[in-house]
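Below is one structure, written out as structure tokens, with a few remarks after it.
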Amino acid sequence: MTIYFVLLADTLPLDFAGPLQVFIEAKRLGFLDYEISYVSASEQLSCDGGLQLANLASLPPTLAPEDIIVLPGCHRAFDSYSTQDARETIQWLKNVIADHTVLTICSGAVLAAKAGLLVNKSCTTHYQLIDTMRTAFPQCHVLDNRIFVEDTNIISSAGISSGIDMAIYYVTTRYGEHIGAQVAQEMLVYFRRTGQDPQLSSWLQYRNHMHRSIHKVQDAICSNVTEHYSLEQLADIAHLSQRQLSRLFSVHLGISPREYLQHIRIGHAKQLLKHSNNSVEIVAQNCGYSSGRQFRRAFTQTTHMSPQQYRQQYSGV
């Protein structure tokens with residue numbers, strides 16, 4: 001698999017570097033195996049702010065089905081996308097994109113729209129471009145107040161730092177929540193969202209702190225939700241006393257170790273209820289509960305609905 005970063009003159013540096021770092025971290029941690037290629041209609045170009053990029057590869061004539069295309073945004077988008085290089089890039093996108101995954105950042109959505117990739121699809125872009133894009137591309141459903149939007153093979157983000165959120169979301173949904181959490185932890189960033197954004201993963205909640213020992217305990221819990229950890233066992237993992245561990249959880253997370261374990265188990269249960277046909281008893285077993293009755297009680301106390309009601313409302317199977 002190759003991840004192609006498609007670059008043009010006046011590319012916004014963080015649009016490009018933010019998602020790139022997410023994929024670099026995922027590979028460094030051993031989760032993903034892929035190549036990264038920086039491609040352009042020109043061998044060298046100047047990014048917004050004067051950063052010079054050279055020795056860029058040519059736009060490839062074909063793509064493998066599993067390849068990913070990343071379209072960072074450009075300063076003065078509609079002007080930048082009127083150049084000869086931009087026109088060549090748009091034609092290339094029309095020629096090679098089939099069902100490939102395409103990630104757009106900021107005004108990269110404009111480039112995708114010019115290539116016809118967003119027809120009858122929902123997307124978002126930088127807030128300053130929302131109205132202009134709606135006018136220029138009425139066949140696209142341009143949403144505002146969104147950090148990122150996924151529609152079939154296209155994930156578009158509002159731009160600048162939200163490209164990082166989008167890339168972490170991609171890694172999380174394709175390769176697992178625990179992997180996304182570790183990448184976010186390494187980068188010291190966490191999802192931001194509005195009320196309509198994709199819900200924050202249980203694995204990523206309560207991670208916005210810098211205490212390594214607490215992260216170590218959280219990693220252990222997330223890696224094995226069926227384990228019946230005692231407070232003593234968790235304290236041993238952190239190399240702390242039970243009292244110290246409880247105090248640090250209260251300071252950094254605002255909840256106890258036992259409450260965090262319950263939080264992770266319920267989060268895992270939600271995923272199983274949404275994406276599998278397993279019985280409630282099997283879901284309970286896979287989440288570390290001793291019985292379906294114990295699970296139903298815990299789930300209802302947390303979500304204010306029964307597991308069956310949750311499945312009926314949110315199930316994708």
Test result for residue 80, in contact with a strand residue (DSSP E or B) (Cβ under 6 Å, 6 or more places away or on another chain), over 30 Å from residue 31 (Cα atoms), surrounded by 15 or more Cβ atoms within 10 Å (Cβ to Cβ) and at pLDDT below 95 = yes
With respect to residue 70, determine if the residue is modelled with pLDDT of 95 or more and either in the same structural domain as residue 34 (by TED's automatic domain parsing) or part of a helix (DSSP H, G or I) (or both).
-> yes
Restrict the check to the range 15-22 and report whether at least one residue is among the charged types (D, E, K, R) and surrounded by 14 or more Cβ atoms within 10 Å (Cβ to Cβ).
-> yes
The condition of being charged (D, E, K, R) and either free of Cβ contacts under 8 Å to residues at least 12 places away in the same chain or outside the structural domain of residue 13 (by TED's automatic domain parsing) (or both) holds, among 48, 33, 79, only for 79
Would you check if residue 39 is in contact (Cβ under 8 Å) with a residue 24 or more places away in the chain, of a type in the set (A, V, I, L, M), assigned by TED's automatic domain parsing to the domain that holds residue 162 and under 16 Å from residue 185 (Cα atoms)?
-> no
Pick from the range 153-173, criterion free of Cβ contacts under 8 Å to residues at least 60 places away in the same chain and either of a type in the set (Gly, Ala, Ser) or not in a helix (DSSP H, G or I) (or both), ranking: surrounded by the fewest Cβ atoms within 10 Å (Cβ to Cβ) | 153
Lone unmet requirement of (1) modelled with pLDDT under 85; (2) outside any helix (DSSP H, G or I); (3) out of contact with any strand residue (DSSP E or B) (no Cβ under 6 Å at 6 or more places or on another chain) for residue 150 = (1)
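Condition check ((1) loosely packed, with under 15 Cβ neighbours inside 10 Å; (2) part of a loop (DSSP other than H, G, I, E, B); (3) at pLDDT below 80; (4) in contact with a helix residue (DSSP H, G or I) (Cβ under 8 Å, 6 or more places away or on another chain)) across all residues:
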| position | (1), (2), (3), (4) |
| --- | --- |
| 189 | no, yes, yes, yes |
| 194 | yes, yes, yes, no |
| 197 | no, yes, yes, no |
| 201 | no, yes, yes, yes |
| 210 | yes, yes, yes, no |
If we ask which residues in the range 25-39 are small (Gly, Ala, Ser) and either in a strand (DSSP E or B) or over 17 Å from residue 164 (Cα atoms) (or both), their number turns out to be 2
Okay, helices (runs of 4 or more DSSP H) sitting entirely in the range 220-285 with 1 or more residues that are within 27 Å of residue 173 (Cβ to Cβ) and among the small types (Gly, Ala, Ser), I get 257-275
Can you tell which of 98, 86, 112 is assigned to a loop (DSSP other than H, G, I, E, B) and farther than 22 Å from residue 208 by Cα?
-> 98
Which one of the conditions (1) under 19 Å from the mean Cα position of the chain (by Cα); (2) surrounded by fewer than 20 Cβ atoms within 10 Å (Cβ to Cβ) does residue 4 fail to meet, given that it meets all the rest?
-> (2)
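The values are calculated or read from the model by the stated rules, or taken from the named source; none is laboratory data. Everything quoted here is computed from the prediction, not taken from an experiment. FYI the Cβ positions are ideal-geometry reconstructions off the backbone, even for glycines, and counts take in every protein chain you see.
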